[in-house]
Amino acid sequence: MDPDCPALALTSDWKDEQVVLVGAVDAIRLCREGGYRALDSGKAIWALEGVRRGIVREVRDFVARTRLTGFALSSMDDSDVIKLIASSLKSRDLMALKKVGPSEAPNKTGDRAARLRRLVREIESKTRGRLNYSGRQYKLVADESLAKLAGRDSYQVARQDEARQVLDGLAKQPGTPADLHALLGEAREAISTDWRPPLQPDGLVLLRKIVTLQASAPDTGPALTPSQLKKLTTKTDWIEVEVVDQDGEPYTGGYRLELANGTANEASFNEEGFFGDYDLDTGNCQLFLVDRKTPKGGAAEAPAADTTFASVKLVDRDGNFLGNCRYQFEFSDGTKKEGVSGEGEIRMQDVPSGECVFSILPDEEADA
């Protein structure tokens with residue numbers, strides 16, 4: 001059955017696959033009436049290139065009858081006319097149709113639709129309804145089910161080449177069962193050619209889930225001051241110190257903490273011999289014990305001795321000991337002692353009585 005409209009045959013009547021070009025409106029009517037099926041524009045352009053030299057007169061006659069251009073055809077050479085047809089195929093002003101064989105005759109349409117729906121159900125059963133590839137979510141539907149799909153507006157139709165690439169990728173993923181691999185391959189071959197309304201798909205359609213980004217609620221609070229903004233963007237550090245005397249009693253006296261920025265904080269240890277500061281500028285700081293108060297329990301303070309001991313525990317926020325930290329003690333007589341912390345406490349015996357300064361030194365590698 002030849003189309004009853006302007007048409008350009010791209011294959012001979014004796015060939016198994018007969019392809020013709022027609023206008024878009026005529027293509028819609030012919031597909032609805034049966035006997036023809038829409039083809040991908042790329043395949044049509046490839047077929048046109050193969051026969052262009054033998055049908056120059058027919059091509060010009062077809063362009064004139066379909067009124068593809070307002071220019072006089074006599075002013076266009078053959079290559080320009082071929083380019084015009086290829087451009088019209090890409091824009092869907094022209095459509096390539098294939099004559100439908102006996103297996104695709106109208107009375108077989110119900111069987112074909114049932115086969116596609118069964119294929120979709122089997123794939124959904126094997127994948128538990130989740131087709132995920134390269135971080136995107138996909139859904140496979142049969143052509144006639146597309147318009148009835150719940151949540152259709154949440155999906156975009158993937159082009160035929162993308163759909164085939166996705167199904168190939170899913171089939172090649174490690175751990176894909178052999179039966180699912182075969183089903184995905186069958187679905188790949190059944191993917192519909194690209195179309196646009198009012199035409200309808202003619203096979204399986206792969207839908208791509210639309211990614212939606214939820215905007216955060218606007219902050220209606222007052223604007224940040226420059227000092228608040230600087231505080232938010234400036235890196236801070238912290239320190240925790242616990243001090244006990246030689247009998248293990250908490251030291252509850254005062255201290256002075258000289259910071260890296262040149263300022264100093266003065267306060268007293270709590271009744272457990274502990275203090276912490278959690279908003280410090282990053283850098284070295286020095287801790288001074290500025291006086292001695294009565295130890296917890298009310299016992300009288302022992303008279304000053306010529307020598308005493310110093311004990312320090314270095315721990316992180318979780319209470320774990322910090323090892324391999326370089327430190328320095330500076331004693332009341334001006335002497336200094338350096339070392340590297342191991343596991344446990346740092347303890348110095350027979351050191352001069354009086355104030356001492358304990359410092360954490362920067363790593364030698366960092367200074368290099």
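Working carefully through the options 29, 53, find the one that is of a type in the set (D, E, K, R), in a helix (DSSP H, G or I) and either touching a helix residue (DSSP H, G or I) at 6+ places or on another chain (Cβ under 9 Å) or farther than 20 Å from residue 197 by Cβ (or both). 53 is the lone residue from the list that is of a type in the set (D, E, K, R), in a helix (DSSP H, G or I) and either touching a helix residue (DSSP H, G or I) at 6+ places or on another chain (Cβ under 9 Å) or farther than 20 Å from residue 197 by Cβ (or both). Taking the criterion of being surrounded by 11 or more Cβ atoms within 10 Å (Cβ to Cβ), at pLDDT below 75 and within 21 Å of residue 245 (Cα to Cα), the residues of the range 315-341 that qualify are 315, 321. Quick one: in the range 176-190, of everything that is among the aliphatic types (A, V, I, L, M) and under 11 Å from residue 119 (Cβ atoms), which residue is nearest to the chain's Cα centre (by Cα)? If we take residues in the range 176-190 being among the aliphatic types (A, V, I, L, M) and under 11 Å from residue 119 (Cβ atoms), then 184 is nearest to the chain's Cα centre (by Cα).
If you go through the range 157-202 and keep only what is assigned to a loop (DSSP other than H, G, I, E, B), under 30 Å from residue 30 (Cα atoms) and modelled with pLDDT of 85 or more, you end up with 158, 159, 190, 192. As a summary of the residue check, residue 150 satisfies the conditions (1) under 30 Å from residue 20 (Cβ atoms); (2) modelled with pLDDT of 80 or more; (3) assigned by TED's automatic domain parsing to the domain that holds residue 164 except for the one numbered (1). Of the numbered criteria (1) surrounded by fewer than 17 Cβ atoms within 10 Å (Cβ to Cβ); (2) at pLDDT 80 or above; (3) β-branched (Val, Ile, Thr), the one residue 59 fails is (1). Among the residues making up the range 47-83, those that are among the hydrophobic types (A, V, I, L, M, F, W, C) and within 21 Å of residue 3 (Cα to Cα) are 47, 48, 51, 55, 56, 59, 62, 63, 64, 68. Residues that are surrounded by 13 or more Cβ atoms within 10 Å (Cβ to Cβ) and charged (D, E, K, R) were ranked within the range 137-151; the one that is farthest from residue 172 (Cα to Cα) is 144. Count of the range 19-38 residues, restricted to those that are closer than 12 Å to residue 100 by Cβ, surrounded by fewer than 20 Cβ atoms within 10 Å (Cβ to Cβ) and among the small types (Gly, Ala, Ser), is 2. Scoring residue 147 on the criteria (1) part of a helix (DSSP H, G or I); (2) within 18 Å of residue 196 (Cα to Cα); (3) free of Cβ contacts under 8 Å to residues at least 12 places away in the same chain leaves a single failure, condition (1).
Does residue 239 fit the bill of being farther than 30 Å from residue 137 by Cα, hydrophobic (A, V, I, L, M, F, W, C), modelled with pLDDT of 80 or more and not assigned by TED's automatic domain parsing to the domain that holds residue 27? In short, yes.
The values are calculated or read from the model by the stated rules, or taken from the named source; none is laboratory data. Here the structure is a predicted model, which is why all the values come from computation and not from measurement. Virtual Cβ from ideal backbone geometry, glycine too; neighbours counted across all protein chains shown.
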